[in-house]
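Only one structure is covered here, and it is reproduced in the block below.
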Amino acid sequence: MRSVLVKSCLAGAIAFGIGGSVPAFADDVIVGLITKTEGNPFFVKMREGAQEKAGELGLELRTFAGDFDGDNESQIAAIESLIAAGAKGFAIVPSDSSAIVPTIQQARDSGLLVIVLDTPLDPIDAADYTFATDNREAGRLIGAWALGTMGDDAANAKIAMLDLAVNQPTVDFLRDQGFMQGFGIDVKDPNVYGDEDDPRICGHEMTGGAEEGGRTAMETLLQRCPDINVVYTINEPAAAGAWEALKSVGKDDGSVLVVSIDGGCPGVTNVREGIIGATSQQYPHRMASMALETIAKFAETGDKPPMVTQGLDFFDTGATLITDRPVDGVPSIDTEEGLALCWG
């Protein structure tokens, strides 16, 4: 676990519809950012956004990360450290959407404002706020794109599902089930995967959101279904690993559609190069900046105004489909635009 302190005396203006102004603080106001891991480009960009905003607002930022995706114990220790330090609040990307809830409640009972980023808690209202991509919609976009790209051949698809973790954190099942819905698959329970009975699904394998995990998961599913022609991946590192496995058996010839979610620069580059057919881009810098602005406003006023997107129970920070092979009826931008917006 790692801690970074950032201080400045610059003031910033609240953006993204939060409203009002936020002062630079004369006294130390401690805030936290807790991510799943240290090196994932998504979390690196999130940390950059938090550091920049902390500098603008004169906040003392302490950042923490687990040793691996799913490291709930490190996140518990980070929260306990922030409570002991007298922090005003923190933003967290939970590794385990359910197991972290009692510690989140402990922090809220201690007077800290808790903002969840990217991966909603289960239940979602266990935090004060959630700022996240609409992950179900991000999945639906790549599913609809794959369906439209295959056309009539979609009826005979052989689909590999490269998921995140066996405990199915919210981001995991939301993306998976969103993809299936976009592709026209009966998902049964929309909040869990693995219960569907569509014969087109070859199976689910876990990747840990990492390239090596994606490669191993793809190798496993290819043994089960050598004729796979659609690959859903939880994120772009997993997609890169899956591609290496496909390439090793000669299936890098355009016969397999690979789709993903993230929108990092390496992933968008892989879309441009034809490795990934389409990806849904999300915006981690925006999430973290909004979170620190909100905590700063809370530290000043103690207010917790409602902040949700209409029709949702969280604030949607946006998702955009990126592909160079657009499909009618599925809004998208091309890789040139995507590279101008990417991170990592």
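FRET efficiency for residue 124 and residue 186, Cβ-Cβ distance as r, R0 = 22 Å, nearest 0.05?
Working: r = 25 Å, r/R0 = 1.12.
It comes to 0.35.
Ordered by packing density, taken as the mean number of other Cβ atoms within 10 Å over each peptide's residues, highest first, how do 325-337, 236-248, 299-311 rank?
236-248, 325-337, 299-311
Using the crude model of +1 on Lys and Arg Cβ and -1 on Asp and Glu Cβ, and no other charge, please compute the dipole size for the chain relative to its Cα centre, in debye to 20.
Dipole size: approximately 580 debye.
Largest first and in whole Å, what are the equivalent-ellipsoid semi-axes of the chain based on the Cα gyration tensor, each being the root of 5 times an eigenvalue? If you can, show how the numbers build up before the last one.
Working: eigenvalues 268, 76, 62 Å².
Semi-axes (√(5λ), whole Å): 37, 20, 18.
Given a Förster radius of 56 Å and the C-beta distance between residue 273 and residue 300 as r, what FRET efficiency does 1/(1 + (r/R0)^6) yield to the nearest 0.05?
Plugging the Cβ-Cβ distance into 1/(1 + (r/R0)^6) gives 0.75.
Mind checking which of 197, 96, 71 has the largest fluctuation in a GNM of the chain, springs on alpha carbons under 10 Å?
197
Ignoring any ligand, DNA or RNA, what whole percent of the accessible area of the chain comes from carbon and sulfur when the probe is 1.4 angstrom? Write down the numbers at each step before the final one.
Numbers: 6420 of 13140 Å².
After summing per-atom areas, the C and S share lands at 49 percent.
State in Å² the accessible area per residue of the chain; use a 1.4 Å probe, count heavy atoms of protein chains only, and round to the nearest integer.
38 Å²
Looking at the chain, how many pairs of lysines come closer than 26 Å at the Cα, when each pair is eight or more places apart or spans two chains?
22
To the nearest 10 degrees, how steep is helix 135-150 against the longest Cα principal axis of the chain, on a 0 to 90 scale?
Helix 135-150 sits at roughly 20 degrees to that axis.
In percent, what relative contact order does the chain have, based on Cα pairs under 8 Å that are 6 or more apart in sequence?
Relative CO of the chain lands at 18 percent.
The values are calculated or read from the model by the stated rules, or taken from the named source; none is laboratory data. Keep in mind the model is a prediction, meaning the values are calculated, not measured. Glycine also receives a Cβ, built like all others from the backbone with ideal geometry; neighbour counts cover every protein chain displayed. For accessibility, only protein heavy atoms count, side chains too; no ligands or nucleic acids. Shrake-Rupley method; radii C 1.70, N 1.55, O 1.52, S 1.80 Å.
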